[in-house]
Amino acid sequence: MIANTKDLTTATSSTAEQAVYLSITIYIAAVLLANYTATWFIPIPIFGLVSVGTLIFGVTFTQRDRVHRHGRKPVYLMILAAAVGMVAESLFLGVSWRIILASFIAIVLSETADTEIYQRLLHLSWLQRVTRSNVISIPLDSFLFNLIAFAGVFAPIKLVAIIFGEIVAKFVTGSLAALLRCPHDAQLPYVAEN
């Protein structure tokens, strides 16, 4: 019986590792693809614009929340890896340094806010943690990114439309990703931190 318990623990640990690596990979790929498509805009009904990049980037909030399960360190290492990828993206794919700078600053500040809020809500359900941390990080990310990337490039009313559209799109894509999360997420343990 002990051998079976050990095998189960090893299998659960292996599944948890695979899940975190998948979330990190999706996060980094989404950040890089979002930067690449940040200037491709789609109008949304009534008022607003949304970049193709935003539709992709909304997924990063939930991927980051999945990595939270393993503590702060993997989240911050994931953000660092994405930042290194952004520099390479600018050098090799010609993504504007203004987009890269805006993305980097927005990610560092909004993801830090999200990480610290999320970690303080570990006593709540996963969906409550995701929702409450995203209520702060999504608008913060949208304001920072767009003001740094597009202030002076677009008229103020267009900039407001872009920010509005991004906030809506990020909440929708982030919510869908949260609702479609891996079924075993709820059973995986958390890393205890001081």
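To keep it simple, each residue is scored yes or no on (1) of a type in the set (Asp, Glu); (2) at pLDDT 80 or above; (3) under 18 Å from Gly165 (Cα atoms).
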position: Ala3; (1), (2), (3): no, no, no
position: Ala16; (1), (2), (3): no, no, no
position: Ile26; (1), (2), (3): no, yes, no
position: Asn35; (1), (2), (3): no, yes, yes
position: Trp40; (1), (2), (3): no, yes, yes
position: Ser51; (1), (2), (3): no, yes, yes
position: Phe61; (1), (2), (3): no, no, yes
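Inside the range 36-53, residues that are of a type in the set (Val, Ile, Thr), open to solvent by 10 Å² or more (accessible area, probe 1.4 Å) and in a loop (DSSP other than H, G, I, E, B) make up a count of 3. Flag: Glu116 does not match the condition of being under 18 Å from Leu32 (Cβ atoms), free of Cβ contacts under 8 Å to residues at least 60 places away in the same chain and acidic (Asp, Glu).
Would it be correct to say that Arg129 is more than 27 Å from Ile44 (Cβ to Cβ), over 13 Å from the mean Cα position of the chain (by Cα) and assigned to a helix (DSSP H, G or I)?
yes
Taking each residue of the range 24-44 that is within 17 Å of Leu101 (Cβ to Cβ) and looking for partners that are among the charged types (D, E, K, R) with beta-carbon atoms closer than 8 Å, six or more apart or interchain, yields Leu32/Glu89; Asn35/Glu89; Tyr36/Glu89.
Looking at Ile99, is it closer than 22 Å to Val84 by Cα, in a helix (DSSP H, G or I) and open to solvent by less than 80 Å² (accessible area, probe 1.4 Å)? Against the criterion (closer than 22 Å to Val84 by Cα, in a helix (DSSP H, G or I) and open to solvent by less than 80 Å² (accessible area, probe 1.4 Å)), Ile99 qualifies. Would a scan of the range 121-136 turn up a residue that is closer than 13 Å to Val31 by Cβ, open to solvent by 10 Å² or more (accessible area, probe 1.4 Å) and not charged (D, E, K, R)? No; the residues of the range 121-136 include none that is closer than 13 Å to Val31 by Cβ, open to solvent by 10 Å² or more (accessible area, probe 1.4 Å) and not charged (D, E, K, R).
Scanning the range 54-68 for residues that are open to solvent by less than 10 Å² (accessible area, probe 1.4 Å) and either in contact with an Asp or Glu (Cβ under 8 Å, 6 or more places away or on another chain) or under 17 Å from Pro139 (Cβ atoms) (or both) yields Thr54, Gly58, Thr60, Phe61, Thr62, Arg64, Asp65.
Looking across the range 76-96 at every residue that is free of Cβ contacts under 8 Å to residues at least 12 places away in the same chain and in a helix (DSSP H, G or I), the one that is surrounded by the fewest Cβ atoms within 10 Å (Cβ to Cβ) is identified as Phe92. Checking each residue in the range 138-160 for being β-branched (Val, Ile, Thr) and buried (at least 18 other Cβ atoms within 10 Å of the Cβ) picks out only Ile138. Kindly indicate the residue of the range 161-172 that is open to solvent by 30 Å² or more (accessible area, probe 1.4 Å) and either without any contact (Cβ under 8 Å) to a residue 60 or more places away in the chain or of a type in the set (Val, Ile, Thr) (or both) and also nearest to Ser96 (Cα to Cα) among those meeting that condition. Among those residues, the one meeting the criterion is Ile167.
The values are calculated or read from the model by the stated rules, or taken from the named source; none is laboratory data. Computed from a predicted model, the values in this text were never measured in an experiment. Ideal geometry is used to build each Cβ from the backbone, glycine not excepted, and the neighbour counts take in all protein chains shown. SASA here: full protein model, heavy atoms, side chains in, ligands and nucleic acids out. Shrake-Rupley method; radii C 1.70, N 1.55, O 1.52, S 1.80 Å.
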